[in-house]
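Presented below is the structure to which this report refers.
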Amino acid sequence: DVDWSDFREKQQAAAESDLRGTFILDRIAEVENIEETDEEVDKEIEKLAARQQSSLTAMKARLTKEGGLDSIKRQVRNRKALDFVIASADIRTEKADPPGMA
């Protein structure tokens with residue numbers, strides 16, 4: 001038996017988290033002047049076209065007509081912002097004592 005209320009709450013929490021992450025990446029891209037290039041967008045559209053067995057021109061026209069081109073641009077920009085965050089991260093590892101050895 002499915003607990004739809006619990007399922008809905010989990011889905012809402014995941015959606016809110018995704019949305020917050022998108023806003024953060026948008027803000028980082030804005031502050032760091034990160035922009036997508038036409039070439040990067042075309043490369044992403046080429047991948048999508050290949051998956052759907054379509055040409056770049058046809059896929060681009062379809063995305064433009066359906067309003068999806070802005071979404072592709074935003075995805076490319078946010079991926080570049082995430083790459084920037086990862087490249088800028090100061091990752092440190094520490095050796096931890098096994099449990100009970102403190």
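The values are calculated or read from the model by the stated rules, or taken from the named source; none is laboratory data. Just so it is clear, the model here is predicted, and its values are computed rather than measured. Ideal geometry is used to build each Cβ from the backbone, glycine not excepted, and the neighbour counts take in all protein chains shown. Calculation scope for accessible area: heavy atoms of the full protein, side chains included, ligands and nucleic acids excluded. Shrake-Rupley method; radii C 1.70, N 1.55, O 1.52, S 1.80 Å.
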Check: Remind me, relative contact order of the stretch 3-73 in percent, using alpha carbon pairs under 8 angstrom and six or more residues apart?
Finding: 21 percent
Note to self: Please give me, ordered by residue number, the trypsin sites (Lys or Arg not before Pro) of the stretch 5-102 that lie in loop per DSSP and have at most 10 other Cβ atoms within 10 Å.
What the structure shows: Arg92, Lys95
Item checked: the stretch 36-102 - accessible surface per residue (Å², probe 1.4 Å) -> 80 Å²
Check: Gap in Å between the Cα centre of the stretch 63-102 and the Cα centre of the stretch 1-30?
Finding: 16 Å
Next item on the list: Among Ala89, Ala61, Ala49, determine the one that fluctuates most according to a GNM of the chain built with springs between C-alpha atoms less than 10 Å apart.
Entry: Ala89
Margin query: Quick check on the chain: helices-only [θ] at 222 nm, where DSSP H runs of length 4 and up contribute -39,500 (n - 2.57) each and the sum goes over total residues. Nearest 500, please.
Written below: -24500 deg cm²/dmol
Margin query: Could you give each residue of the stretch 27-42 its phi-based ³J(HN,Hα) in whole Hz, using Karplus coefficients 6.51, -1.76, 1.60 with θ = phi - 60°, and x for Gly or Pro?
Written below: 5, 4, 4, 5, 5, 8, 6, 8, 10, 8, 9, 4, 5, 5, 5, 4
Next item on the list: Please report, as a whole percent, how much of the solvent-accessible surface of the chain comes from carbon and sulfur atoms (probe radius 1.4 Å).
Entry: 52 percent
Item checked: Charge sum, other residues only, whose C-beta stays under 14 Å from Val76's C-beta, Lys/Arg counted +1 and Asp/Glu -1 -> -3
